[in-house]
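Note sheet for the following structure.
The values are calculated or read from the model by the stated rules, or taken from the named source; none is laboratory data. Bear in mind the structure is a predicted one, so any value in this text is a computation, not a measurement. Cβ placement follows ideal geometry from the backbone for every residue including glycine, while neighbour counts extend to all protein chains displayed.
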Amino acid sequence: MLLKVENVTKSFGGLMALRGVSFEVQEGEILGLIGPNGAGKTTLFNVISGFYRPDQGQVIFDGQIISRLKPYDICRRGLVRTFQVVKPFGNLTVLQNVMVGSFLHTARPAEAEERALDVLNFVGLYHARDKVAKSLTISDRKRLEVARALAACPRMLLLDEVMAGLNPAELGEFLRLIGRIRESGVTLLVIEHIMAAIMTISERIIVLHHGEKIAEGPPQEVARDKRVIDAYLGEEYLFA
């Protein structure tokens, strides 16, 4: 077990965003996280990655409680995330953007650049290394977001809707990239609304609804769960 979320609760004023959420992630697996808008998925990512502190419960990564650590300390331990709204440093080059992630583990520019170039080659952006980031397409900006996270040498990567807005060809390429990331030894926790994608890549699925976990299990099992159908998928999903 690499990550353990224990009874995590988080509220904002009178709004209960997360209510007693618990689950585990095994090293080397891809775990999908789904649910309707407002279910608490990104809030959960924010708690795991240290941007929010839980009101109750705790997060354990690699055997250590990380719930009170700063985001950069959690990142240094190997738990790295992407963000739903992709915001590269627009006036920097693609290479410079990825070097930002590399500098987490080295202060030497030459080493940071070498790591960044390796990552850009891995994600398929090496050809764009000298382009200004703001000139990239949406698809390539999403690749850049993933590349910057990978440059930080994660053991576990949290992907927050990295496939949203992609066309079918781009989606297929991203699914293959996620497969390669897992093959490289990185564990993945993935938020995604594209059901065909998340059901394809995930070994297990967790479903959140109104801040509570309502289902957990293999994709086919979760897709047949009446609570999930009623709360999120809808009956039409079964016949799609």
Of all residues in region 126-158 being crowded, with 23+ Cβ neighbours inside 10 Å and of a type in the set (Lys, Arg), the one that is nearest to SER102 (Cα to Cα) = ARG148
query = Within the set of pairs 6 or more residues apart or between chains, which connect a residue that is at pLDDT below 95 inside region 175-196 to a residue that is of a type in the set (Asp, Glu) with Cβ atoms less than 9 Å apart?
reply = GLU192/ASP160; GLU192/GLU161; HIS193/GLU161; ILE194/GLU161
ask   = Name the residues in region 165-199 that are of a type in the set (Gly, Ala, Ser) and surrounded by fewer than 17 Cβ atoms within 10 Å (Cβ to Cβ), would you?
value = GLY165, ALA169, GLY172, GLY179, SER184, GLY185, ALA196
request  = Report those helices (runs of 4 or more DSSP H) wholly inside region 108-204 carrying at least 3 residues which are assigned by TED's automatic domain parsing to the domain that holds GLY40 and out of contact with any helix residue (DSSP H, G or I) (no Cβ under 8 Å at 6 or more places or on another chain).
outcome  = 168-183
request  = Run GLY20 past the list (1) surrounded by 15 or more Cβ atoms within 10 Å (Cβ to Cβ); (2) assigned to a strand (DSSP E or B); (3) not basic (Lys, Arg) and report the number of the one that doesn't hold.
outcome  = (1)
request  = Could you tell me whether region 53-62 includes any residue that is exposed (fewer than 15 other Cβ atoms within 10 Å of the Cβ), farther than 24 Å from MET163 by Cα and free of Cβ contacts under 8 Å to residues at least 12 places away in the same chain?
outcome  = no
request  = Report yes if some residue within region 214-237 is modelled with pLDDT of 95 or more, surrounded by 14 or more Cβ atoms within 10 Å (Cβ to Cβ), charged (D, E, K, R) and in a strand (DSSP E or B); otherwise report no.
outcome  = yes
inquiry  = Looking at region 191-236 only, could you name the residues that are among the small types (Gly, Ala, Ser) and within 23 Å of LEU18 (Cβ to Cβ)?
reply    = SER202, GLY211, ALA215, GLY217, ALA231
